């Protein structure tokens, strides 16, 4: 099994490795502002459909970039597939790659920048570190070699691994290797790197700053999970509220000050290391208390905006998290929340 642990904090801000790493081309960073995860395009469990009308609605909301999750079994033959028996066959990969070949240029032509984010399923993680390294390297080489030459490098970004299921030392050792593999085919594209486990802001403390200077660092926000994950890995508790009511005795409920402090951890880490940071995922399920969900999304998005941090909502298609949850239409409240330029809940 793959060992996952934090270990010791990574290099401090005053170390040689931490000095002056913010050299992402200004034009690359300028193409990231408001984003959304366009799920179920490169995932083998289900394929979503994105119409020209959908893209027009995203433009009206003000979305200017999309993040595309891509499962390793979508682009590699012989890789274990989550929620399916066996390994990916040539036909599976051909179908998925055809889907990527169709949608990546669709988004690009519509004016969206695109992040290609490599995902690895539980079945792949269980293979262990050497096998994971090999699978991730091959998947990233495939994506970089196939798509980077086709598009403006300031509008196509590559993320080697979403929420890395590694021990901190193993991930820090692997990051330079996978960046080098990507750079052989994508010398000018910005690369996204996040910390181990779930890309929580606090876990950036265990991430080494890469020697490569064209890197944006990643954080995700789903705390408190009792609210954000209701019905998706957590029990449904409609009485759980955000922000924590003044009279509440539930110490698991979060105040807005606590939420902002959690996000500030990531912002402070980036400032200390002189690097850019992006909030690549945040969202709450439709089964949580509706007002609390809306308050939480507004607070997270508003805090990111007020601190100049690009944000990317999770997600477009997901049944519980979707801006347009399948098989339903657009969620009008989410459309309103993501459209506003306000920096306060």
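Among residues of the range 251-266 being assigned to a loop (DSSP other than H, G, I, E, B) and surrounded by 13 or more Cβ atoms within 10 Å (Cβ to Cβ), the one that is modelled with the lowest pLDDT is 253. Pull up the range 290-312, narrow it to residues that are part of a loop (DSSP other than H, G, I, E, B) and either touching a strand residue (DSSP E or B) at 6+ places or on another chain (Cβ under 8 Å) or at pLDDT below 95 (or both), then point me to the one that is surrounded by the fewest Cβ atoms within 10 Å (Cβ to Cβ). Only one residue tops the list, namely 309.
The residues in the range 181-224 that are assigned to a loop (DSSP other than H, G, I, E, B) and either under 23 Å from residue 26 (Cα atoms) or over 14 Å from the mean Cα position of the chain (by Cα) (or both) can be counted, and the count is 18. Which of the residues belonging to the range 26-40 are surrounded by fewer than 24 Cβ atoms within 10 Å (Cβ to Cβ) and part of a loop (DSSP other than H, G, I, E, B)? Once the filter is applied, which keeps residues that are surrounded by fewer than 24 Cβ atoms within 10 Å (Cβ to Cβ) and part of a loop (DSSP other than H, G, I, E, B), the range 26-40 yields 31, 33, 39, 40. State yes or no: is residue 315 within 28 Å of residue 54 (Cβ to Cβ), in contact (Cβ under 8 Å) with a residue 12 or more places away in the chain and buried (at least 21 other Cβ atoms within 10 Å of the Cβ)? When the stated conditions are applied, residue 315 passes them.
Given the condition under 22 Å from residue 161 (Cβ atoms) and in a strand (DSSP E or B), answer yes or no: does some residue in the range 79-95 qualify? Yes, because at least one residue in the range 79-95 is under 22 Å from residue 161 (Cβ atoms) and in a strand (DSSP E or B). The residue that is surrounded by the fewest Cβ atoms within 10 Å (Cβ to Cβ), among those in the range 225-236 that are in a loop (DSSP other than H, G, I, E, B) and touching a residue at least 12 places away in the same chain (Cβ under 8 Å), is 236.
Of all residues in the range 102-131, those satisfying the criterion of being touching a residue at least 60 places away in the same chain (Cβ under 8 Å), farther than 22 Å from residue 219 by Cβ and assigned to a helix (DSSP H, G or I) are 103, 107, 129.
Could you please let me know if residue 113 is at pLDDT below 95 and in contact with a strand residue (DSSP E or B) (Cβ under 6 Å, 6 or more places away or on another chain)? Criteria not met by residue 113. Tell me, please, whether a residue that is under 30 Å from residue 297 (Cβ atoms), crowded, with 19+ Cβ neighbours inside 10 Å and in contact with a strand residue (DSSP E or B) (Cβ under 9 Å, 6 or more places away or on another chain) can be found in the range 76-84. No, the conditions are met nowhere in the range 76-84. For the range 41-53, the tally of residues that are under 21 Å from residue 329 (Cβ atoms) and surrounded by 18 or more Cβ atoms within 10 Å (Cβ to Cβ) stands at 3. Per the listing 242, 222, 217, the residue uniquely farther than 29 Å from residue 134 by Cα, at pLDDT 95 or above and buried (at least 21 other Cβ atoms within 10 Å of the Cβ) is 242. Can you work out which of the residues in the range 152-180 that are closer than 21 Å to residue 122 by Cα and assigned to a loop (DSSP other than H, G, I, E, B) is nearest to the chain's Cα centre (by Cα)? If we take residues in the range 152-180 being closer than 21 Å to residue 122 by Cα and assigned to a loop (DSSP other than H, G, I, E, B), then 162 is nearest to the chain's Cα centre (by Cα).
The values are calculated or read from the model by the stated rules, or taken from the named source; none is laboratory data. What you are looking at is a predicted structure, and each value in this text was computed from that prediction instead of being measured. Counting neighbours? That spans all protein chains shown, and the Cβs are built from the backbone with ideal geometry, glycine included.
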